[in-house]
1. Report Rg(Cα)/(2.2 N^0.38 Å) for the chain, keeping two decimals.
2. Under the Kirkwood approximation applied to all pairs of distinct alpha-carbon atoms, what is the hydrodynamic radius of the range 169-249 in Å?
3. Classify the range 55-94: rounded, prolate or oblate, from the alpha-carbon gyration tensor (a ≥ b ≥ c, eigenvalue square roots; a/c under 1.5 rounded; otherwise prolate if a/b is larger than b/c)?
4. Using the crude model of +1 on Lys and Arg Cβ and -1 on Asp and Glu Cβ, and no other charge, please compute the dipole size for the chain relative to its Cα centre, in debye to 20.
5. Tell me the trypsin sites (Lys or Arg not before Pro) within the range 73-131 that lie in a loop according to DSSP and have at most 16 other beta-carbon atoms within 10 Å.
6. Suppose we flag chymotrypsin sites (Phe, Trp or Tyr not before Pro) only when DSSP calls them loop and at most 11 other Cβ atoms lie within 10 Å. Which is the longest uninterrupted stretch of the chain?
7. Any chance you could count the Lys pairs in the range 83-157 whose alpha carbons are under 13 Å apart, treating pairs 8 or more apart or on different chains as valid?
8. Which value results for Rg/Rh of the range 75-190 when Rg is the Cα radius of gyration and Rh the Kirkwood radius based on the inverse mean 1/r?
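A short reminder: the numbers here are calculations on the coordinates, not readings from a lab. Source: prediction; values computed, not measured. No Cβ is skipped: glycine too gets one built from the backbone with ideal geometry, and neighbour counts run over all protein chains shown.
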Amino acid sequence: MKDSIVRVGINNNFNCTEDEFTQMYGFTFVKSSAHFFINTNIKTENLLNINKHDYKSVITVNPDITIDRALIERLYKVDKEKIAFVRVKYVPNKRPIKELIIELSEQGYNVVITVMRFKSNDTVNFCSQKALYDFECTWFRLKSKYRHLLEKFADSLDNTYICDREDTGCQDCGLCSKLTTGKDLEIYGLNLSTSGICKFNCIDCYAKKMQHILKAFGKSSIAYDVIKKNMKQKGSTIHIKNNKCKRVA
């Protein structure tokens with residue numbers, strides 16, 4: 001019986017190469033009690049190799065926040081049965097993003113909205129407007145007023161969800177597991193050495209930020225080939241702990 005789920009490519013990108021699929025297949029024997037699914041980017045060169053394998057996938061469809069129709073057309077070439085959900089990065093007042101969410105929902109995809117947060121004045125103003133955000137726990141995070149509007153929008157659509165809606169961490173959220181397996185299982189992450197460092201440079205990527213911090217302290221930027229929980233999956237970040245305390249109070 002399966003008792004857990006492993007997201008592969010949690011701090012890097014699963015590039016959908018045959019070497020990666022082969023290595024991941026080996027891990028399914030190491031942790032036979034787990035479901036494995038892959039985390040990838042719509043810009044991934046070998047994306048359509050997903051169609052050749054049995055693993056479910058999560059695909060970020062607008063990694064650069066803006067909408068590129070040529071990339072969206074690539075999505076439609078991936079077998080829908082192999083997609084657990086598509087991930088859409090969201091900032092307010094961007095009509096093309098909302099239109100894409102509606103389109104994917106109507107096409108029958110599970111859509112998980114990631115509410116973007118930003119590290120600096122430059123990036124928040126480049127992608128959105130600083131006035132729409134509060135600075136909290138070292139990030140610019142969408143103000144609750146606009147967060148509520150997003151929740152209302154998501155709730156008006158079929159099969160549309162918000163990643164970590166309550167800001168209490170992956171395990172409380174459970175979407176990765178529920179949308180992949182239909183069950184609420186323990187969630188872990190895995191970064192394959194065959195994937196290497198992600199070659200993409202998405203705006204204010206949390207994984208890249210952590211890699212820079214680790215390297216500054218003389219540590220390895222990524223722990224390869226180890227199945228474990230990261231801080232968000234553990235629910236141990238300061239932001240998550242603060243929100244859990246608010247809900248208890």
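1. Values: Rg = 17.5 Å, N = 249, 2.2 N^0.38 = 17.9 Å.
Rg over 2.2 N^0.38 Å, computed on Cα atoms: 0.98.
2. Details: mean 1/r = 0.0684 Å⁻¹.
Here the Kirkwood hydrodynamic radius works out to 14.6 Å.
3. Working: a/c = 3.11, a/b = 1.68, b/c = 1.85.
In terms of gyration-tensor shape, oblate.
4. Numbers: 40 positive and 28 negative charges, 172 e Å.
Dipole of the chain, to the nearest 20 debye: 820 debye.
5. Details: sites: Arg74, Lys77, Lys80, Lys82, Arg87, Lys89, Lys94, Lys98, Arg117, Lys119, Lys130; in loops: Lys77, Lys94, Arg117, Lys119.
Of the trypsin sites (Lys or Arg not before Pro), the ones in loops of the range 73-131 whose Cβ has at most 16 other Cβ atoms within 10 Å are Lys77, Lys119.
6. Values: sites that count: Tyr76, Phe217.
My reading of the result: 77-216 is the longest stretch.
7. Numbers: Lys89/Lys98; Lys98/Lys152; Lys119/Lys130; Lys130/Lys143.
Counting lysine pairs in the range 83-157 gives 4.
8. Working: Rg = 15.0 Å, Rh = 15.3 Å.
Radius of gyration relative to Kirkwood radius: 0.98.
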